[in-house]
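The values are calculated or read from the model by the stated rules, or taken from the named source; none is laboratory data. Quick caveat, the model's predicted, so the values are computed rather than measured. Positions of Cβ are generated from backbone atoms using ideal geometry, with glycine treated the same way; all protein chains shown enter the neighbour counts. Heavy atoms of the whole protein, side chains included, go into the accessibility calculation; ligands, DNA and RNA do not. Shrake-Rupley method; radii C 1.70, N 1.55, O 1.52, S 1.80 Å.
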Amino acid sequence: MSAAVVGIGRRYLPRGWSDLGRQLVIWFGFFFVYQIVRGVADRDPTRAFENGLWVVALEEHVGRLFELSLQHLAESSRFLLLAVSWTYWLAEFPVLGLALLWVYLRRHEHFHRFRNWILLANVLGLLGYVLLPTAPPRMFANFGFDDVLQLVGGMNHGSGLVQLAANPYAAMPSLHAADAFIVGVSLAFICRRWWSKALWLLWPAWVWFSVMATANHFWLDCVAGLAVALIAAAIVHRRRLFHRPATA
């Protein structure tokens, strides 16, 4: 490695090139294994549709299919339709990856808890996909749901790369909801300007709206995703939560 490259590492990287490489191996290694396991965990359509119908029945018993109202709102505006569609595709790995990189470079003291919170929440979510495969709303056209991503065009769940890496019945819990909550709360806490804190606090609500408006998750999926994020937070931050400072 040249002296110039070493100098860049010392100047801009909190712990040098070796630690950055280690973090990249951890993250991309987890991503690779996660996608494989998620894609092959359970492709039983009958069971997934039964679970999806159970969610529909529960939501109708509680009140109504709230997601349909959000979808109709999104479909009333081409701009809003594009916004929720792109949010669905970008919220997970691009936004999540950039948030991890920013925290690593600029707020390194918070990085390991932030990373561990995300990793643990996704492991718990993966267990949910294995134990409770659930068809998403877009597969229930008979209830009035539209596959918004198909309507918009471009990349959708029928695209080759998506089909290769994704389990189509991985709706419960919503890791879009879990990860958006983790990113939003963490960056709101870490950022220093009030307006950036406010924007990041709004981020989870916007992502939840987007995944429901695009018929990719039921609101119950989002509630389960939030529960996963909170359970992971309690485990990762348990020392801080239960630590009591000594008194004189």
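Miscellaneous remarks
- Residue satisfying condition, being farther than 30 Å from Val103 by Cα, touching a Pro at 6+ places or on another chain (Cβ under 6 Å) and modelled with pLDDT under 90, within set Glu60, Glu67: Glu67
- Only one entry in Glu60, Glu50 is surrounded by 12 or more Cβ atoms within 10 Å (Cβ to Cβ), among the charged types (D, E, K, R), free of Cβ contacts under 8 Å to residues at least 40 places away in the same chain and farther than 22 Å from His176 by Cβ, namely Glu50.
- Considered as a group, the residues in the range 70-96 that are of a type in the set (S, T, N, Q) and over 12 Å from Ser210 (Cα atoms) include one that is least open to solvent (accessible area, probe 1.4 Å), and that residue is Ser77.
- No other residue among Ala121, Ala99 is surrounded by 16 or more Cβ atoms within 10 Å (Cβ to Cβ), in a helix (DSSP H, G or I) and either of a type in the set (Asp, Glu) or within 12 Å of the chain's Cα centre (by Cα) (or both) apart from Ala121.
- Annotation: Asp42 fulfils all but one of (1) at pLDDT 85 or above; (2) under 20 Å from Arg138 (Cα atoms); (3) of a type in the set (D, E, K, R); the unmet one is (1).
- For the range 124-138, taking the residues that are part of a helix (DSSP H, G or I) and modelled with pLDDT under 90, the one that is most open to solvent (accessible area, probe 1.4 Å) is identified as Leu131.
- Filter result (in a loop (DSSP other than H, G, I, E, B), open to solvent by less than 30 Å² (accessible area, probe 1.4 Å) and modelled with pLDDT of 65 or more) within the range 139-165: Phe140, Phe145
- Test result for Arg10, touching a helix residue (DSSP H, G or I) at 6+ places or on another chain (Cβ under 7 Å), loosely packed, with under 13 Cβ neighbours inside 10 Å and either assigned to a loop (DSSP other than H, G, I, E, B) or modelled with pLDDT under 75 (or both): yes
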